[in-house]
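Here is the structure we will look at, set down as structure tokens.
The values are calculated or read from the model by the stated rules, or taken from the named source; none is laboratory data. What you see is a predicted model, and the numbers here were worked out from it, not measured in a lab. With ideal geometry, Cβ positions are generated from the backbone for all residues, glycine too; neighbour counts draw on all protein chains shown. For accessibility, only protein heavy atoms count, side chains too; no ligands or nucleic acids. Shrake-Rupley method; radii C 1.70, N 1.55, O 1.52, S 1.80 Å.
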Amino acid sequence: MTMPRLTFELPDTVVVTRASSGLGHELCSLLVEAGVATVGVDLAAAQDNLAALAGYHHVGGDVAGEATWEKVVARLRYSGANRIGLVTSAAILDVGTILEATPAILSRALNVNIVGTALAIKFLLPPDDRSP
């Protein structure tokens, strides 16, 4: 009996949030190195070593803002990408007790962690999958 093989293909383009530092930056570098066109999304500018790579495009903006995702979609349309992947590595973790949590702290975490991911999925969903 032969064992089944697990295989996968990387998409043509991957959108990565929090692309300017940490895990997101590292993933962008690895994806571009593997030949995958990569669109990084972050409030901060792209680091020089990433911005200089052919195959990388940076979109500056807030993941919780629709205007940011409109720019990402415009870039994807311009590039002609057919298969798109998404990595949502933007995240907020505030350490403290509930007694220290303010509405501003809670709102910031929810906007990045939940609203940003939901908007990414909403805007990157293929047109055929948008019907109710």
Given (1) without any contact (Cβ under 8 Å) to a residue 60 or more places away in the chain; (2) in contact with a Lys or Arg (Cβ under 9 Å, 6 or more places away or on another chain); (3) in a helix (DSSP H, G or I), number of the condition I121 does not satisfy: (2)
Hey, A64 closer than 20 Å to L125 by Cβ and of a type in the set (A, V, I, L, M) or not: yes
Residue selected from segment 67-106 under the condition among the basic types (K, R) and farther than 18 Å from L31 by Cβ, by the criterion surrounded by the most Cβ atoms within 10 Å (Cβ to Cβ): K71
Pair list, Cβ < 6 Å and 6+ apart or interchain, from segment 46-71 residues that are at positive phi to residues that are not small (G, A, S): G55/V32; G61/T68
A64 vs. criteria surrounded by 18 or more Cβ atoms within 10 Å (Cβ to Cβ) and touching a Lys or Arg at 6+ places or on another chain (Cβ under 6 Å): no
Criterion: small (G, A, S), over 24 Å from P127 (Cβ atoms) and in contact with a His (Cβ under 6 Å, 6 or more places away or on another chain) - qualifying residue of A109, A46: A46
Enumeration of residues in segment 79-109 that are under 17 Å from L43 (Cβ atoms), of a type in the set (S, T, Y) and in a loop (DSSP other than H, G, I, E, B): S89
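Can you pull out every residue in segment 4-43 that is part of a helix (DSSP H, G or I) and open to solvent by 10 Å² or more (accessible area, probe 1.4 Å)?
Matches in segment 4-43: G22, L23, H25, E26, L27, S29, L30, L31, V32, E33.
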Residue list for segment 8-52, filter: acidic (D, E) and at pLDDT below 95: E9, D12
